[in-house]
Amino acid sequence: MLKGSSKLSLLDKIRKSGETMTKQTIHVALLGMGTVGSGVYEILMKRQAEHFQDKIGSQLTIKTIMVRNPDKYRDQIAEKINLTTSWQDIIEDDEIDIIVEVMGGIQPSYTYIKEAFQRGKHVVTANKDLMASHGKELHELAKAQKVDLYYEASVMAAIPIIRPLKECLAGNDIEEIVGIMNGTTNYILSKMSSENWTFEEALKEATALGYAEADPSADILGYDAARKAAILANIAFHSPVTFEDVTVEGITKITPQDINHANRLDAVIKLLGIASKKDDKIAVHVHPMLISKHHPLATVNDSYNAVFIRGDAVGDVMFFGRGAGKLPTASAVVGDVIDISRNILSNATGRIGDYTYANYPILPMNQVNSRFYIRLEIEDNYGVLAKIAEIFAKNEISIAEVIQDQQTHGGRAELIIVTHNVLEHHIEQALEDIKKAHVIAKVENTIRVYGDI
Ligand code: NAP
Ligand code: HSE
């Protein structure tokens, strides 16, 4: 147990006496001063003291910032703020009310947040890696200590989505969440499609703009979007969905040919995260998908993200905004800090605690229905189309559309097939059969299709 953790905090004493808290200043500590941390610093520093006095009824100030390498940051930070490399300087400072964790990664963030709760400190984090793997446990610990754990920035940065789901939409049974949940990959796909940039050029620029994770493979392999999908599914379906429950596929297999063919089919390719509940089973998956140009998500480009939520009472609601970047992400973090400050001042912390009370099973991906785009390189010869049609029929797959491009090279042609809705395991079997059939050269790509195109 941490030194002093058994003592009653000022907040506990006030709770026991039933009084409302009066506090001159709410003190904040920042863990991390990178892209997001520097944005939080900028927003909090540019507001005048009176601004917070009017807005929340007390002043709000950054007291301490922790980083690994202080020399990098000394010139950017006002003298009155402590710059430290020591966690003890923060956890043992009883004046600090709210800890903002914007370092990233599982450790040491996980340990620090748990210690912060034990000390009665509230936490804001932008860390989806942590929330997608340890969210349930951290919620339970925060609830036990009657402190707040807020993480709005962890899912789609600037876009308010966690609080709307937990509060405004709480009266709904949520049926589906579908959206573009990663700014880096949306930026890359948008630039490949509209400016003919290569994948590498677009990734380099997304990294320079501060959109990508410290290790951008988390973005391009779909893991970042999968973490966000897990967090949303957890909240929406009140079930302990974690990153491991999400079927995930990134955008590395998307080629300029696929983008061009999608265009011919009046569609675009987007990395979509989908969480749905049907017949008391949950499906959570992230894939690149073709989506009709007429769907609102198709027009969401650059680092913008957007998500549709369908509830039994509300119908469809759409949320849209910047899904990555310094100030958009900091906007969500500061919003959380302000909300917690209000809770502290009105003696209402821990109000929205653990929400994981159901335990719906996860549907295996091969039991999920999708439409498919399949790009084949085939022998340009008689009998080939008939053979493919036979394989599809044998596997109960109905074809919606076929495009054949004449002789690409060496007597080969490119064949694009779009299917109707089919169970994934039927497609898996058909692709196996196609690979074995002698008339066919190669399955070049398989991409799922969202909705009608
Ligand atoms: P970043 O630019 O890499 O910054 C990380 C900061 O944390 C740096 O100041 C670093 O200090 C500090 N840090 C890292 N490990 C530390 C440790 N063990 N002890 C002390 N300080 C440590 O990262 P970021 O882009 O701001 O992302 C931060 C978090 O926000 C991540 O969880 C990320 O997933 C999330 N997020 C980011 C965005 C975005 O658009 N960037 C959007 C939403 C959510 P040094 O420089 O001294 O090492
Ligand atoms: N790397 C993430 C993205 C940051 O590109 O969406 C926001 O979570």
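The values are calculated or read from the model by the stated rules, or taken from the named source; none is laboratory data. It should be emphasised that the depicted structure is a prediction, and the values quoted were computed from it without experimental measurement. A quick note on method: Cβ atoms are made from the backbone with ideal geometry, for glycine too, and the neighbour counts reach across all protein chains shown. Only protein heavy atoms, including side chains, enter the accessible area calculation; ligands, DNA and RNA are left aside. Shrake-Rupley method; radii C 1.70, N 1.55, O 1.52, S 1.80 Å.
I need the full set of residues from the range 339-376 which are within 30 Å of V268 (Cα to Cα) and open to solvent by 20 Å² or more (accessible area, probe 1.4 Å), in order please.
I362, L363, P364, M365, N366, Q367, N369, R371
In the range 107-137, what residues are away from ligand 2 (no atom under 14 Å from the Cβ), buried (at least 23 other Cβ atoms within 10 Å of the Cβ) and of a type in the set (K, R)?
Of everything in the range 107-137, just one residue is away from ligand 2 (no atom under 14 Å from the Cβ), buried (at least 23 other Cβ atoms within 10 Å of the Cβ) and of a type in the set (K, R), namely K121.
Condition (residue is assigned to a loop (DSSP other than H, G, I, E, B), in contact (Cβ under 8 Å) with a residue 24 or more places away in the chain, within 16 Å of ligand 1 (Cβ to nearest atom) and open to solvent by 10 Å² or more (accessible area, probe 1.4 Å)) applied to the range 295-316: is it met by at least one residue?
Yes, there is a match, as at least one residue in the range 295-316 is assigned to a loop (DSSP other than H, G, I, E, B), in contact (Cβ under 8 Å) with a residue 24 or more places away in the chain, within 16 Å of ligand 1 (Cβ to nearest atom) and open to solvent by 10 Å² or more (accessible area, probe 1.4 Å).
Search the range 92-106 for residues that are more than 12 Å from I65 (Cα to Cα) and open to solvent by 30 Å² or more (accessible area, probe 1.4 Å) and pair each with any residue that is more than 16 Å from ligand 1 (Cβ to nearest atom) and not in a loop (DSSP other than H, G, I, E, B) when their beta-carbon atoms are under 6 Å apart and the residues are at least 6 apart or on different chains.
E95/H27
Could you please let me know if N343 is in a helix (DSSP H, G or I) and at pLDDT below 90?
no
Which of the residues spanning the range 187-220 are acidic (D, E), within 19 Å of A126 (Cβ to Cβ) and open to solvent by 10 Å² or more (accessible area, probe 1.4 Å)?
E213, D215
Determine if the range 221-238 includes at least one residue that is more than 17 Å from the chain's Cα centre (by Cα) and either modelled with pLDDT of 95 or more or open to solvent by 40 Å² or more (accessible area, probe 1.4 Å) (or both).
Taking every residue of the range 221-238 in turn, at least one turns out to be more than 17 Å from the chain's Cα centre (by Cα) and either modelled with pLDDT of 95 or more or open to solvent by 40 Å² or more (accessible area, probe 1.4 Å) (or both).
For the range 25-57, give me each residue that is among the small types (G, A, S), modelled with pLDDT under 95 and either in a strand (DSSP E or B) or in contact with a strand residue (DSSP E or B) (Cβ under 7 Å, 6 or more places away or on another chain) (or both).
Within the range 25-57, A49 is the sole residue that qualifies.
Select from the range 140-149 the residues that are closer than 20 Å to V334 by Cα and either polar (S, T, N, Q) or part of a helix (DSSP H, G or I) (or both) and list them in ascending order.
Residue satisfying the conditions is A142 alone.
Can you list the strands (runs of 3 or more DSSP E) lying wholly within the range 388-453 that have 2 or more residues being under 23 Å from L272 (Cα atoms) and β-branched (V, I, T)?
Counting at least 2 such residues, we get 412-419, 440-450.
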